[in-house]
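Engineer: First the structure, which I've put down as structure tokens, then a few questions once you've had a look.
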Amino acid sequence: MTDSPNNLDTLRQRIDEIDNDILRLISARAECAKQVAEVKTKSDKGAVFYRPEREAQVLRRIMELNQGPLNSEEMARLFREIMSACLALEQPTKVAYLGPEGTFTQQAALKHFGASAVSMPMAAIDEVFREVEAGAVNYGVVPVENSTEGVVSHTLDSFMDSSIHICGEVVLRIHHHLLVADTTLRDKVSRVYSHPQSLAQCRKWLDAHYPRAERVPVSSNAEAAKMIKGEWHSAAIAGDMAAKLYGLEKVAEKIEDRPDNSTRFLIIGSQHVPMSGEDKTSIVVAMRNQPGALHDLLEPFHRHSIDLTRLETRPSRTGVWNYVFFIDFKGHVDEPRVAAVLEEVRLRASELKVLGSYPVGVL
Ligand SMILES: C=C(O[C@@H]1C=C(C(=O)O)C=C[C@H]1O)C(=O)O
């Protein structure tokens, strides 16, 4: 094929025709979503518009059907945005996240709910929990574990005192950059601000490139990005969103020590999420401090061939809960074999709290 203007014109005409079809079809889809809203409003007491299990099924189906040339993740991202816009027609979703603006948690909220959700920054993880509990927002997004640094203990602790459910999870690849402001003297950097987890995730890089710079932990990466404005000797470690938001320059890109660095975030809310076909369950269990306690706890999972995906121990803050375990496993509480295991665990534990069953993160 030549690059003649004729060919270009023909192709662009074809694209216009396809766009007409896409426009018509997206509008028809949005019309359907509006009707779904009417059905939900009529049938449910206190209608729940956002349905994580259905959204996961829609995205999984699209990824399965996709034959290219766009890759399945790219295609799912497009559908993620179409669904986000359709859901906003039913009810604008309000989401609280660990702020300030520009944090990875905001990026996770955007990835999970799409751009049509209204997201609100909170100053601390327990504030996100409080806003959800008070009903001021529909959902919350909080970080829970990082592949390099491990668990975000604040989040686990917040679950112990709350009646909040987990409605979903989202995993984000985390890339850190060393950022400076236009006033920074790049060869005089003597201080690097970031969140303690990010400083830890870039420890080796900092040792090699800025061994003498003071590492100053602050409440978030975005906060670090904000602070270096006007400090000529300071740099920040943060991600793309913060760099863009605060107009900073990247001195070095992707400085995380591990290339597969990723963070898992939880979507918290108050609804029970039905099965999506590929689900996870999170529980918190208290066991008495006695030999064999952990074995007794895990044995039923093994016997029923249930895959554990995470096991975390936290010190208990009350007298009864001597040992507290946070356990994630594959399966949904509405499956009989999961219900059977939980019944056994309940007998062996001094406390058992199901935090929620939710679709395994799709995107
Ligand atoms: C349309 C629905 O409501 C919402 C929008 C969805 C969509 O656009 O596909 C899917 C699930 C819900 O979050 C539905 O429940 O089917």
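Engineer: Out of Leu179, Leu185, which single residue is open to solvent by 10 Å² or more (accessible area, probe 1.4 Å) and among the aliphatic types (A, V, I, L, M)?
Structural biologist: Details: Leu179 fails: open to solvent by 10 Å² or more (accessible area, probe 1.4 Å).
That would be Leu185, the only listed residue that is open to solvent by 10 Å² or more (accessible area, probe 1.4 Å) and among the aliphatic types (A, V, I, L, M).
Engineer: Taking Glu145, is it in a strand (DSSP E or B), open to solvent by 10 Å² or more (accessible area, probe 1.4 Å) and within 26 Å of Val333 (Cβ to Cβ)?
Structural biologist: For Glu145, the condition - in a strand (DSSP E or B), open to solvent by 10 Å² or more (accessible area, probe 1.4 Å) and within 26 Å of Val333 (Cβ to Cβ) - is met.
The rows are residues; the columns are (1) open to solvent by 60 Å² or more (accessible area, probe 1.4 Å); (2) within 23 Å of the chain's Cα centre (by Cα).
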residue: Ala213; (1), (2): no, no
residue: Ser220; (1), (2): no, yes
residue: Ser234; (1), (2): no, no
residue: Leu245; (1), (2): yes, yes
residue: Lys250; (1), (2): yes, no
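Engineer: So, of the residues in segment 317-358 that are hydroxyl-bearing (Ser, Thr, Tyr) and closer than 11 Å to Val285 by Cβ, which turns out to be modelled with the highest pLDDT? Walk me through it before giving the result.
Structural biologist: The initial filter retains those residues of segment 317-358 that are hydroxyl-bearing (Ser, Thr, Tyr), namely 318, 323, 350, 357-358.
With closer than 11 Å to Val285 by Cβ added as a condition, the list becomes 323, 350.
Details: Tyr323: 76, Ser350: 87.
Ranking the candidates gives Ser350 first.
Engineer: Of all the residues that make up segment 75-88, how many are more than 9 Å from the ligand (Cβ to nearest atom) and surrounded by fewer than 19 Cβ atoms within 10 Å (Cβ to Cβ)? Steps first, please.
Structural biologist: Step one: list which residues in segment 75-88 are more than 9 Å from the ligand (Cβ to nearest atom), which gives 75-78, 80-81, 88.
Within this subset, residues satisfying the condition of being surrounded by fewer than 19 Cβ atoms within 10 Å (Cβ to Cβ) are 75, 77-78, 81.
Of the residues in segment 75-88, 4 are more than 9 Å from the ligand (Cβ to nearest atom) and surrounded by fewer than 19 Cβ atoms within 10 Å (Cβ to Cβ).
Engineer: Name the single residue that is nearest to the ligand (Cβ to nearest atom) among those in segment 94-118 being surrounded by 21 or more Cβ atoms within 10 Å (Cβ to Cβ) and among the hydroxyl-bearing types (Ser, Thr, Tyr).
Structural biologist: This residue is Tyr97.
Engineer: Residue check: is Gln91 away from the ligand (no atom under 16 Å from the Cβ) and surrounded by 15 or more Cβ atoms within 10 Å (Cβ to Cβ)? Reasoning before the result, please.
Structural biologist: Details: away from the ligand (no atom under 16 Å from the Cβ): no; surrounded by 15 or more Cβ atoms within 10 Å (Cβ to Cβ): yes.
Considered against the rule, which asks whether it is away from the ligand (no atom under 16 Å from the Cβ) and surrounded by 15 or more Cβ atoms within 10 Å (Cβ to Cβ), Gln91 comes out as no.
Engineer: Now for a different question. For segment 45-74, which residues satisfy the criterion of being outside any helix (DSSP H, G or I), more than 15 Å from the ligand (Cβ to nearest atom) and at pLDDT 95 or above?
Structural biologist: Of everything in segment 45-74, those that are outside any helix (DSSP H, G or I), more than 15 Å from the ligand (Cβ to nearest atom) and at pLDDT 95 or above turn out to be Asn66, Gln67, Pro69, Leu70, Asn71.
Engineer: Ok, one more. Search segment 18-34 for residues that are within 21 Å of Glu90 (Cβ to Cβ) and pair each with any residue that is at pLDDT below 95 and open to solvent by 80 Å² or more (accessible area, probe 1.4 Å) when their beta-carbon atoms are under 7 Å apart and the residues are at least 6 apart or on different chains.
Structural biologist: From segment 18-34, the pairs are Ala30/Leu89; Ala33/Leu89; Lys34/Leu89.
Engineer: Can you run down the residue pairs with Cβ atoms below 6 Å, 6 or more apart or on separate chains, where the first is in segment 259-278 and farther than 11 Å from Ile166 by Cβ and the partner is at pLDDT 95 or above and in a loop (DSSP other than H, G, I, E, B)?
Structural biologist: Hits for this filter: Met275/His332; Met275/Asp334; Glu278/Val360.
Engineer: Give me a count of the residues in segment 303-316 that are modelled with pLDDT of 90 or more and surrounded by fewer than 12 Cβ atoms within 10 Å (Cβ to Cβ).
Structural biologist: Residues in segment 303-316 being modelled with pLDDT of 90 or more and surrounded by fewer than 12 Cβ atoms within 10 Å (Cβ to Cβ): 3 in total.
Engineer: Checking Phe49 against (1) open to solvent by 50 Å² or more (accessible area, probe 1.4 Å); (2) within 24 Å of Leu87 (Cα to Cα), only one condition comes out false. Which one?
Structural biologist: Every condition holds for Phe49 apart from (1).
Engineer: Filter segment 1-31 for residues that are in contact with a helix residue (DSSP H, G or I) (Cβ under 8 Å, 6 or more places away or on another chain) and modelled with pLDDT of 95 or more; which is nearest to Met75 (Cα to Cα)? Quick ask: steps written out before the conclusion?
Structural biologist: Initial filter on segment 1-31 (in contact with a helix residue (DSSP H, G or I) (Cβ under 8 Å, 6 or more places away or on another chain)): 1, 26, 29-30.
Of the ones still in play, those that are also modelled with pLDDT of 95 or more are 26, 29-30.
Details: Ile26: 15, Arg29: 17, Ala30: 18 Å.
Among them, the one singled out is Ile26.
The values are calculated or read from the model by the stated rules, or taken from the named source; none is laboratory data. As the structure is a computational prediction, the values presented were derived from the model and not from experiment. Here the Cβ is made from the backbone with ideal geometry for all residues, glycine too, and neighbour counts use every protein chain on show. What goes into the accessible areas is simple: the full protein's heavy atoms, side chains included, and nothing from ligands, DNA or RNA. Shrake-Rupley method; radii C 1.70, N 1.55, O 1.52, S 1.80 Å.
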